[in-house]
Structure formats: structure tokens, C-alpha cells
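The values are calculated or read from the model by the stated rules, or taken from the named source; none is laboratory data. Predicted, not measured: the structure shown is a model, and the values here were computed from it. Every residue, glycine as well, gets a Cβ built from its backbone with ideal geometry; the counts of neighbours run over all protein chains shown.
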Amino acid sequence: MDTCPPEKLSRWRRIERGCIAALKAVVYALMGVACLSVLVMIGTVCADVILRLPWINRSFIGAYDIVRICGALTLAAALPYTTAVKGHVAIEYFFHKLNRTSRIVVDSLMRLLSIALFGFLGWHSILYGLEMFRPPQRVSQTLQIPLFWVPLVIGMCCFVVVLVVMFHLLYPRRELIKP
């Protein structure tokens, strides 16, 4: 049996650790984007409510656009972190009724299905964003902000979810991020 020399093995381990660290950094950065988007939504809604008070009697022009864009960014950017900490809803009751081998098979199939689904969503989100970039560009209703970048960010987030699910498939007993 042919084995790798120790220096080559350690190089691959360094590359592996580097890739995992980069994935963690991207997941944390996207979580920061999600948190910032929630703060912007809260600030926008609060400002809109305050400006509508009877003695001010104004409106926050573009509040709907800002909240809509930030809502989409929040959902998309929070997906990789939620997947990394395994925070999705699972049907544990039925899953634990299976024997160990069946659980491994079902879990692997679900992860492969997730990879296919999020890969498909990511690819089509990017195609949709590129389609929105073509003239005439689609813009938001009141602020006229170009919207092509929102599906591109959503697609990128879906591809990060694919990488997180692949990590969980390759290292089933390891956690990418501890909750």
C-alpha cells in the first residue's frame, strides 16, 4: 500500500484547515450582513413611524424599498449560518426510530438533496440577477435603486450553503460552527 509522505500530508492538512477557516469566515461575514440588514430594517421602520406622528406628519420616502431589500438580504445571508449550526427544523422523532445504518443513509440522501436544491437555487438566482442587469434595468419603486445585485447576493449565499452542507457531508461528526 502506497502512503503519502508526511510533508505532503501536512501540506494537505494545512490546505484543508485553510479552506475550512475561509468557509467559517465567509459564514460569519454573511451573518454580519444579516445582522446589519435587520438593524437597517428596524431603523427604517422606526424612522417611518416617528415621521408619521401627527406633529411631524411626514413619511419616510423609500422605506418600503429599503425594508424589502434588507428583508431579502437578511433571509439569504442568515441561511449559511443557520445551516452551519444545524439550526433547521428536523423531524427527529421519525429519524430516531430508524437504525444507525438507515439514519446514515437518510441523512446522506437529505444532504445530497440539499446540495442539489441550493445549487439549483443559487445558479438560477445568479441567472436572474444577470437578466435583471440587462437594459432596461429593474429598479426599486420609489428610490429607483438597481435591483440586479440582490439575486446575485442570494445566489452567492445559496452556494455558501452548498459548501456548508458539503462540509457536513464530508465530516459528519464535526461542527463547522458551534452554536
Of the conditions (1) crowded, with 16+ Cβ neighbours inside 10 Å; (2) in contact with a strand residue (DSSP E or B) (Cβ under 6 Å, 6 or more places away or on another chain), GLN137 fails just one. Which one is it? (1)
Just a yes or no: is a residue in the range 94-113 closer than 30 Å to PHE60 by Cα and at pLDDT below 90? no
Those residues that are within 18 Å of ILE69 (Cα to Cα) and under 15 Å from the mean Cα position of the chain (by Cα), I need them from the range 122-148; list them, please. GLY122, SER125, ILE126
When the range 35-76 is checked residue by residue, the ones that are exposed (fewer than 15 other Cβ atoms within 10 Å of the Cβ), assigned to a loop (DSSP other than H, G, I, E, B) and free of Cβ contacts under 8 Å to residues at least 24 places away in the same chain are ARG52, LEU53, PRO54, TRP55, ILE56, ASN57, ARG58, SER59
Just to verify a result, which residue in the range 66-99, among those that are farther than 23 Å from LYS24 by Cα and among the basic types (Lys, Arg), is nearest to the chain's Cα centre (by Cα)? ARG68
Every residue from the range 142-179 that is exposed (fewer than 12 other Cβ atoms within 10 Å of the Cβ) and of a type in the set (A, V, I, L, M, F, W, C): LEU170
Might you check whether a residue that is in contact with a Lys or Arg (Cβ under 6 Å, 6 or more places away or on another chain) and under 22 Å from VAL40 (Cα atoms) occurs anywhere in the range 144-155? yes
Kindly indicate which of HIS88, HIS96 is out of contact with any strand residue (DSSP E or B) (no Cβ under 7 Å at 6 or more places or on another chain), closer than 26 Å to VAL150 by Cα, loosely packed, with under 12 Cβ neighbours inside 10 Å and of a type outside the set (Lys, Arg). HIS88
Name the pairs whose Cβ atoms lie under 8 Å apart, with the first residue in the range 125-141 and touching a residue at least 60 places away in the same chain (Cβ under 8 Å), the second part of a loop (DSSP other than H, G, I, E, B), and 6 or more positions between them or separate chains? SER140/GLY62; SER140/LEU147
Can ALA21 be described as closer than 20 Å to MET156 by Cβ and not polar (S, T, N, Q)? yes
